[in-house]
Amino acid sequence: MELIKPNINIDFVGRRKMAICFSLLLILVGLASLIFKGGPSYGIDFAGGTLVQIKFTEATDAAAIREALGGVDLGSFAVQRFGEEGDEFLIRAQNTSAELEGLSHAMTAALEGKYGAGSVEVRRAEMVGPQVGKDLREKGLMAVLYAMIGILVYVSWRFEFRYAVGAVIALLHDVVITLGAFSLFNMEIDLPVIAAFLAIIGYSLNDTIIVYDRIRENLGKHSKEGLASVINHSINETLSRTILTSGTTLLVVAALFIFGGGVIHTFAFALLVGIVIGTYSSIFVASPLLLFWENRKGGQGAGKIATAGGKA
Amino acid sequence: MARSLKLRGGLVLLCLLLSFISLAPTFWGGSLPGWWARSFDPIHLGLDLQGGMHLVLGVDVDKAVESRLDSTLDQVESLLAEKDVIFKRAERLPGERLAVTVYDEDSGKAVDALMQENFPTLEAMTLSQEGGYIQKNYRLSDQEIVNIRDYAIRQALETLRNRVDQFGVSEPTLQMQSDDRILIQLPGIQDPDRAIALLGKTARLEFKMVAEDANPEDAVNGMLPPGTQLLYERDVNRQTGEVRETPLVVYEKTALTGDLLADAQVRIDTRFNEPYVGIDFNPVGAKRFDQITAANVGKRMAIVLDDTVYSAPVIRERISGGSAQISGAFNEQEATDLAIVLRAGSLPAPVKILENRTVGPSLGRDSINQGIVSVVVGGLLVVLGMAIYYRLSGLVANIVLVLNVFFILALLSLFKATLTLPGIAGIVLTIGMAVDANVLIFERIREELRLGKTVRNAIDAGYAKAFLTIIDANVTTLIAALVLFQFGTGPVKGFAVTLSVGIVSSLFTAIFVSRLIFDLFLGNRHIKRMSI
């Protein structure tokens, strides 16, 4: 079976202006949402706070839970439905009382008072102190940064610096858009989401490198054609692979998103968005960036990339 | 060719056998011979999957430095008194300093000499003059401060380990996380409240004489005679559960501390059928206890744990046996835990709970089930897609995909890595990405076939050309995964582990094993058309 005909020739490079507009639009919408909401919303891993997950024997609603918890000294707190059944809820308080156990007991007592004894089960209780939250936030940021630096170095070594710059800009593009999507859909960033970001970085790069690799190979073969044409060629030649691999990866991530359960819902969401954007960016962002770089330098570089390619 | 085929086939079979051996205990743990189950642990599940408690405790190391200075101060005072050096006062000042104020130059010199001889870790600082007195300052050296902190956290770790061991949790993890933090993981714990109470307690046991002539009422209002302090005696009413706190004035100077304990056991008072904790001192403690009780017959001695008075019995007679009892209003569980913390020793500094994540076993089970469903559904979709798209060659890709998951699990078990929920997600993601290598190879082979090459040549060229691309693409993902491993704790680390292991294993299966299958199939046959 073939989805993409072997002699396909879509003019991806010619549509790069459109692609840039599209990317800018996505980034701007995301940034606008981030600014409007006062920055990304962090889960308790990064913001600190207390989170208790409670399962009831029957379905109920957030308002009733709020009412039942009125007498417990929680400070300000939020009640949020968890999963599809309507019998499981997350209660999040900003307080980081060292007496977390005391707190979850007080909650259980208050809720059992309303719903009846034995009808309430604390499935998870987490408390993260403000200092730990701050440390984790810094460490998370550093991890994303270090991963990018490591990749920059590796790609510079295997290809050439300009490829590395293109790849890293494409990665930033992916992470910023995913971040924007999180803000837009009111999802919280917690520790596993950072892991998802790093996986996105890895995946998107995987995709980008495969196209770059083809560009390098084709520059050696058809050095007279001009860079734009070679890039276009290469994207088309790898298109079949790009679509198939993205397809299989999306299939599994969708399975994770649908069946994986509430605990890793945001994680799967990050992967879902990241993989779509990562695939798009390696076709429409990373490769045209090479061209942009060349044009700026007066279009004398095509041959140079070819020799660099032969070396690696 | 035939020889290389045999070698390669042998290698793959060896890997398969090894994987089977290491994974068998995970799947059929009970029915295997003992030596087998003993040498290969089943795959270790993270706290988010099996339920349990993850705690990060912050050790107040500055307090350890302070209490070291306090005890040094005690020694300085008694030394000065012993040597008849006249001084106005000795005190601890902020900035890890001790200060001794004297009246004249000569005493100052005497103090300096004494300090240098007896406390070489204290550095003399510039002296300051105030109102005709001379204040001599001594500061702990930076190195010494580092040492004290370091020692405090190590000792805290040791003490906590003792407590956890006596608490009876299987496979607990305790490790230092940074200069002042300790990570504790207690899998499958049934009673989180009790664990918190046990681990969070400083358990500093002190015996202090009650200042009988001081009036507790005045003390509550802030009138405290010098050298004494105000503590509260805790009393629980058995019937109502009401806690009553009675003020009690004691001398600041500690008569005896819990450091000199040899043992602590729960016993039952037969008269009232109430539990108490019986303690035995070591020889040094027994001797001192003997002296103290002899000198204070008829007076009350307060038994103080973490600044709360448990009881303050009257010393009726000299006690020489070296044992005493702590009775207070506790139930049997509380008495047991008190005995545990006393046996395990006190923490060198107070600890604070900075992070606490407790997952109940039912959520963990749900997570495992959902994880398995995701793996199966995702895997089936991919397998189906590959079979439709590449037909027989797709089947080869699918065989190696199944092998890949098998190898990943085996490697996790061999490395004794922990499988977490994000770790399962890592496996799911790997399944999606692992076929990439085969897709790259197959697309290349198709291109070569289109150029009119023979099947054998097309396969050779396809593998050769795709090889570097695959390596480059995977090394970058590996970089991201390794960074994540460095940064991550708990569940996130589990993701990094499965992702890294997944990459390595999928390179092996997708390039090496799939090629082997093709070569075995082709053999010496002459094949005109390829199902790809």
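Readers should treat all values here as calculations from the given coordinates under stated rules, not as data from a laboratory. All values derive from a computational prediction rather than experimental measurement. Note: ideal-geometry Cβ built from the backbone for every residue, glycine included; neighbour counts use all protein chains shown.
Some observations on this one:
- Within-15-Å neighbourhood charge of B:Val85 [Cβ basis; K, R +1; D, E -1]: -3
- Hull-based mean projected area of region B:372-450, where the convex hull spans the alpha carbons, in square nanometres: 5.4 nm²
- For B:Ser320 and B:Lys253, the FRET efficiency from 1/(1 + (r/R0)^6), where r spans their Cβ atoms and R0 equals 25 Å, is about 0.65.
- Mean-position separation - Cα centroids, region B:341-397 and region A:25-45, in angstrom: 29 Å
- Of B:Val284, B:Val309, B:Asn356, farthest towards positive along the dipole that unit charges on Lys, Arg, Asp, Glu beta carbons give region B:201-357: B:Val284
- Within a Gaussian network of chain A (alpha carbon springs, distance under 10 Å), most fluctuating of A:Asp45, A:Asp87, A:Asp213: A:Asp87
- Taking GluC sites (Glu not before Pro) as exposed when DSSP calls them loop and at most 11 other C-beta atoms lie within 10 angstrom, chain A has its longest site-free stretch at A:86-312.
- Computing FRET efficiency as 1/(1 + (r/R0)^6) for B:Ser67 and A:Met142, where r is the C-beta to C-beta distance and R0 is 25 Å, gives about 0.10.
- Remark on B:Lys299: its backbone amide H falls under 5 Å from those of B:Ile315, a criterion applied only to residues 5 or more positions apart or on other chains, H modelled at 1.01 Å from N.
- Shown here is the pair-distance distribution of region A:158-260: with all Cα-Cα distances grouped in 10 Å bins from zero up to the longest one, the shares run 13, 36, 31, 15, 4, 0 percent.
- Charge dipole (region A:49-128, unit charges on Cβ, about Cα centre) - positive-most of A:Ser104, A:Leu90, A:Ser76: A:Ser76
- Here the Karplus relation 6.51 cos²θ - 1.76 cosθ + 1.60, evaluated at θ = phi - 60°, turns the backbone of region B:514-525 into coupling constants of 5, 5, 4, 4, 4, 5, 4, 5, 5, x, 9, 5 Hz, with x for every Gly and Pro.
- Solvent-free Debye scattering, log10 I(q)/I(0), computed from the Cα coordinates of region B:201-357 at q = 0.13, 0.20 Å⁻¹: -0.65, -1.42
- Size of electric dipole in the protein assembly as shown: Cβ of Lys, Arg +1 and of Asp, Glu -1, about Cα centre, debye, nearest 20: 5320 debye
- Dipole size of region B:201-357 about its Cα centre, with +1 on Lys/Arg Cβ and -1 on Asp/Glu Cβ: approximately 360 debye, rounded to the nearest 20.
- Charging the Cβ of each Asp and Glu at -1 and of each Lys and Arg at +1, and nothing else, the dipole of region B:62-144 about its Cα centre rounds to 120 debye.
- Helices in the protein assembly as shown, meaning DSSP H runs of at least 4 residues, each add -39500 (n - 2.57). Divided by all residues, the mean residue ellipticity at 222 nm is -19500 deg cm²/dmol.
- Cα pair count fraction exceeding 20 Å, expressed as % - region B:224-284: 56 percent
- Once the Cα atoms are used to define both axes, helix A:287-296 deviates from the longest principal axis of chain A by about 60 degrees.
- log₁₀ of I(q)/I(0) at q = 0.19, 0.21, 0.26 Å⁻¹ - region A:49-128, Debye sum with one point per alpha carbon: -0.72, -0.89, -1.42
- Label point distance in nm, B:Glu158-B:Glu171, each placed 7 Å from Cα along Cα→Cβ: 2.8 nm
- Computed over region B:418-532, the percent of Cα pairs more than 22 Å apart is 42.
- A crude spin-label estimate for the pair B:Arg244 and B:Lys352, with each label 7 Å from Cα along the Cβ direction, gives 3.4 nm.
- Positive-end ranking of A:Thr50, A:Tyr146, A:Ile177 along the dipole of region A:38-177, with charges on Cβ about the Cα centre, is headed by A:Tyr146.
- Residue list for region A:228-270, given a label point 7 angstrom along the Cα-to-Cβ vector of A:Asn186 and an amide N cut-off under 18 Å: A:265-267, A:269-270
- As a rough guide to protection, the peptides B:469-481, B:103-115, B:22-34 ranked by mean Cβ packing within 10 Å, highest first, stand as B:469-481, B:103-115, B:22-34.
- Note on B:Leu11 and B:Ser178: their simple-model spin labels are 4.4 nm apart, each label 7 Å out from Cα toward Cβ.
- Chain B, Rg to Rh (Cα coordinates; Rh as Kirkwood inverse mean 1/r): 1.18
- Helix axis angle, B:490-507 relative to chain B longest principal axis, alpha carbon, degrees: 30 degrees
- Legend: Rg and Dmax of the protein assembly as shown, from Cα coordinates, 34.6, 109 Å.
- When you restrict to C-alpha pairs under 8 Å that are six or more residues apart and normalise by the size of chain A, the relative contact order lands at 24 percent.
- For chain B: relative contact order, % (alpha-carbon pairs under 8 angstrom, 6 or more apart): 17 percent
- Kirkwood-Stokes translational diffusion coefficient of region B:62-144, alpha-carbon pairs, 20 °C, 1.002 mPa s, µm²/s: 168 µm²/s
- Alpha-carbon spread of region A:86-179, three principal axes, descending order, Å: 67, 30, 18
- Span from the region B:466-532 Cα centroid across to the region B:399-437 one, whole angstrom: 11 Å
- Residue-averaged beta-carbon neighbours from other chains (10 angstrom radius) around B:435-441: 5
- Percent RCO, i.e. relative contact order, over region B:201-357, from Cα pairs under 8 Å lying at least 6 residues apart: 30 percent
- Helix B:283-295 and the longest principal axis of the Cα set of chain B meet at an angle near 30°.
- Cut-off 19 Å (backbone N to label point 7 Å along Cα→Cβ of B:Ala295), residues of region B:302-328: B:302-304, B:313-323
- B:Ile388-B:Arg194 FRET efficiency (beta carbon distance; Förster radius 56 Å; 0.05 resolution): 0.50
- Viscosity 1.567 mPa s, temperature 4 °C, Stokes-Einstein D of chain A from Kirkwood C-alpha radius, µm²/s: 59 µm²/s
- Length available on full extension from A:Glu2 to A:Arg66: 0.36 nm per residue minus the Cα-Cα distance, which gives 17.5 nm.
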